[in-house]
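Written below as structure tokens is the structure these notes are about.
The values are calculated or read from the model by the stated rules, or taken from the named source; none is laboratory data. In this text, all values refer to a predicted model and were calculated from it rather than measured experimentally. Cβ coordinates were reconstructed from backbone atoms using ideal geometry, including for glycine residues, and neighbour counts include every protein chain displayed. Quick note on the areas: whole protein, heavy atoms, side chains included, nothing else; ligands and nucleic acids left out. Shrake-Rupley method; radii C 1.70, N 1.55, O 1.52, S 1.80 Å.
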Amino acid sequence: MWTADQVRAAEDVLLARTPEGALMRRAAHGVAQRAAALLAEHAGAVVGGRVCLLVGAGNNGGDALWAGFELRRRGVGVTAVLLAPDRAHPAGLAAFRRAAGRVLDAVQAERAEAAVRGADLVIDGIVGISGSGALREPAAALVAAAERAGVPILAVDLPSGVDADTGAVAGPAVTAAATVTFGGYKPVHALAAQRCGPVHLVDLGLAPHLPEPDLYQLEGVDVAARWPVPGPADDKYTQGVVGIAAGSAVYPGAAVLATGAAVAATSGMVRYAGSAADLVRSRWPEVVAAGSVADTGRVQAWTVGPGIGTGAAGRDTLAAVLDLGVPVCLDADAITLLSTTPDLADAAIETPAVFTPHDREFARIAGEVGSDRVAAARRAAARWRSTILLKGNVTVVADPDGRALAHPAGSSWAATAGSGDVLSGLIGTLLAAGLEPWWAAGCAAYLHSRAAALAALGGSGAPDGPPVGAPIGASALLAAVPDAIRAVRRLAL
């Protein structure tokens, strides 16, 4: 994904080499095609459908007007509501008028709102990637009218009112049924996926002129290519041995969940260290369990923190793990201990590590997250010289060198107690298998959300209806990990 500045720079190069208006017409054609598909889906037909364009100033409004021109030629009734009539795109507006499109000034509030409410589809051409801040009036009122009337909105490039680079929303903004974007995906499409709906890319030929992406989003095939599976020459040791230091008398379940995730993730060996050794052994007999890190034996990586507590016992456990110098996933209580114990913090900086904070834990080690989650994760990664996985509905993973990815979960089923324990177990196992921290964190986040969705949707819903989810606990999420791995590996076949 590329920032707004990166895309604009590439467009400038291409605009200098193409006839005037050619790129806009190509972009508008993509919008018109998607609009026609949505009309067929929501209104039952394209011909005779009703579309309302919300037209802002500049090129975004021009894209909408040219799309309206094409839709008129396909027999669609199209009304353009001009939010800034004196700054509407001249060529686009002239073409739209030639096609007998209806034009309203937004100051005609009642007529404009009636056009929105009476449409089968609204096209959001209010602002593009150069816009900033929340929707202003009268755009905000017209978007609200569409939402109240249940009229789907198709966003041009991005939902207006949502920041192109951060996905932040500071007030009224569009929530689109779908988005058509041009030239390349922007960070907003991952960071505010719930605002964008399905995103359709129109190729403008920008690729040769774009730099390295600013932000990545893993696909299933990326995860499948890296997920460890046993080969003919493998045994329990060659696939990686992971240690899990988790749980306490207060939180024994954390030990069971984190260790179980490690067992489910790969065919390698799992060792456990902690006071819940008997419980872990009874639940997962294949695990080699001991009472302390010192008694555990050699491992290639550790997960430490879930449920260990922040007292002396937790500090001793964390210190023992960090003293070994192997890659480590630092979660939950481990993060809190690092924020209050300078000598442990110094040791963590010298250790190859993945930190997995949620927003409140993040604030303890790197300050408030703020509206730019990617910048915050990058800041923390540089501060701790480690990979940071910032949890959320959109998980962000950042390396100290600035490389970052965003993973939209696609649902909220993983928002349940113990879910993070499962995630940390997955990450530790991938580290032990030899994945570099950035890939271990990204692949685990992808698999984790896939397992949550499978657990929530599996076995529910009417046979003749759409899938219907139900709330799950972390145990159900853990149980779905093997199915999630199978589903991801099928993508590589």
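Things to note:
- The fraction of accessible area contributed by carbon and sulfur in the chain is 53 percent, rounded to a whole number (1.4 Å probe; ligands and nucleic acids excluded).
- Residues with amide H under 5 Å from that of Val328, placed H, sequence gap 5 or more: Trp302, Ala353, Val354
- Tail beyond 22 Å, pair distance distribution of the stretch 1-160 (Cα, percent): 36 percent
- Taking all protein chains into account, the per residue accessible area for the stretch 109-206 stands at 34 Å² (1.4 Å probe).
- Stretchable slack from Arg73 to Val250, in nm (0.36 nm times residue separation minus alpha-carbon distance): 56.9 nm
- Surface analysis of the stretch 316-474 yields an accessible area of 37 Å² per residue, using protein heavy atoms and a 1.4 Å probe.
- Kirkwood Rh, angstrom, the stretch 403-457 [1 / mean 1/r, Cα pairs]: 11.6 Å
- Listed by number, the DSSP H helices of the chain that run 18 Å or longer by alpha-carbon position along their axis and have mean Kyte hydropathy of at least -1.0 are 22-42, 58-73, 252-265, 419-432, 437-457.
- Fully extended contour minus Cα-Cα distance, from Arg489 to Asp234, at 0.36 nm per residue: 89.9 nm
- Only protein heavy atoms count here; under a 1.4 Å probe, Phe355 has an accessible surface of about 0 Å².
- Potential lengthening of the chain between Ser475 and Leu15 amounts to 160.2 nm, from the contour at 0.36 nm per residue minus the alpha-carbon distance.
- Principal axes of the stretch 233-294: Cα extent on each, largest first, Å: 41, 23, 15
- Taken over the stretch 80-126, the ratio of Cα radius of gyration to 2.2 N^0.38 Å equals 1.12.
- Label positions at Ala415 and Ala170, each projected 7 Å from the Cα along the C-beta direction, are separated by 2.5 nm.
- Value of relative contact order over the stretch 339-472, rounded to a whole percent, pairs C-alpha under 8 Å and six or more apart: 18 percent
- Where a label projected 7 Å from the Cα of Arg298 along Cα→Cβ would reach, residues of the stretch 414-458 with amide N under 17 Å: 432-434
- Estimated vicinal HN-Hα couplings, Hz - the stretch 170-187 in sequence order (Karplus 6.51, -1.76, 1.60; Gly, Pro = x): 9, x, x, 7, 7, 10, 8, 6, 6, 9, 10, 10, 10, x, x, 6, 10, x
- For Ala134, the amide hydrogen comes within under 5 Å of the amide hydrogens of Ala170, counting only partners 5 or more places away or on other chains and with H modelled in the peptide plane.
- Once the gyration tensor of the Cα atoms in the stretch 26-66 is diagonalised, the equivalent ellipsoid follows with semi-axes of 21, 11, 6 Å, ordered largest first.
- Normalised alpha carbon radius of gyration of the chain [divisor 2.2 N^0.38 Å]: 1.11
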